[in-house]
Amino acid sequence: MGKRFVIEGEKEEKVLLAVEFSAIDTSLQLYCFTPKKGLLEKLEAWQKNEDKLPKHDELIVRTIADQNLLPEEIKVKDVGKVRFIENEWAESLIQTRLVKGFDSELKVLQESVALLDDYSEDLFQECSNFWKRLLDYKKEVKSLDNAKIDNYKLQLDILFEALKALRKDHRKEFDSNSIANRDKLNKMLDDVEESKSENKNIFGRLKEIRAEYNKMAMRHNHKNEIDKRINSLFDKAGTERKKQQNSNAGKRVNDLEGIISKMNKALDWKIRELQREEKNLQFADHAFQEKLLLSKIELIKKDIKEIEGKISDINKTLDKLKK
């Protein structure tokens, strides 16, 4: 039942007016009666929903396109009551539009669920949020028909049951896919472990597996299992690489130290050769012999300087490797 009012007015002669509007219609029904004995009491009983509406003389339908509640030809003394009825009607229209909005939203949800091939958590949450907003609205608007709320609940229960059935199938398929994805990744990691001594690009292969892992949908425990194994292989590969680098560095140090030892011997030999030629220069008999010895001494000094430079460069490299 919508809202009902009774008011007295005049239309050439006195009239009794029965006003009714509902929460599911935007129009307003204005029933006109010629006053007679006992009519007012019957209309007041109808207003309280205790009696049927008596037979009316005229029905006037007012819509939201009309500026006023009453037609111009009908006058009333109680203008305040008319304004009150108009305000109630305006509030009812707002409620009606909101309810129609709920109807449209429910239809969209029904169509969306009907089109589903697989479970949708987003759609499940949309249905839950829709029901929550309905309950909140019902708390605010006490006049909203309980039958309307019950109908919404019935329709939503059907949607929830359909979604739960899809979720059950979805979980079964998801579990199966999760196991398959876990086994696939474990096989890939097994291959890495078995061939790691031969695989120089183990880090690149593990990165590829990590990228594949990130794209796969799996149960939380399956994801943890694979994640821990990938991290473990990264750690092992890192340790092996460090050992290899240390081993290579140690070999390089030994090689360079051997080279320095040989170069120091060559340097000692060049120094002794320089000392010998400088001694010979002291006993040169003529200018040509002296000139020849000086040229030879310069070449030896150049060789000594070159050897010392190389030894210095190698020592710098050794210092870096040892650090």
Would you mind getting me the FRET efficiency between Lys164 and Arg97? Use the beta-carbon distance for r and R0 = 30 Å, nearest 0.05.
-> 0.40
When you take every Cα atom in the chain, what is the radius of gyration, and what is Dmax, the widest Cα pair distance, in Å?
-> 50.1, 167
Sort all Cα-Cα distances of the range 252-322 into consecutive 5 angstrom bins from zero, then give the percent of pairs in each bin up to the one containing the longest distance.
-> 3, 16, 22, 16, 13, 10, 8, 6, 4, 2, 1
Helix 220-282: angle to the longest alpha-carbon principal axis of the chain, degrees 0 to 90, nearest 10?
-> 20 degrees
So between Glu13 and Ser295, what do we pick up on full extension, going 0.36 nm a residue minus the alpha carbon distance?
-> 86.8 nm
How much length is gained on full extension from Leu39 to Ser104, taking 0.36 nm per residue of separation minus their Cα-Cα distance?
-> 19.2 nm
When the Kirkwood radius is taken over all Cα pairs of the range 173-242, what Stokes-Einstein diffusion coefficient follows at 25 °C and 0.890 mPa s, in µm²/s?
-> 197 µm²/s
What spacing in nm lies between the two simple spin-label points modelled at Asn214 and Phe288, each 7 Å away from Cα in the Cβ direction?
-> 8.3 nm
Net length gained if the chain between Asn177 and Lys228 were fully extended (0.36 nm per residue, minus Cα distance) = 16.4 nm
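Just so you know, all these numbers are worked out from the coordinates, no wet-lab data involved. Note that the structure is a prediction, hence the values are computed from the model and not measured. Virtual Cβ from ideal backbone geometry, glycine too; neighbours counted across all protein chains shown.
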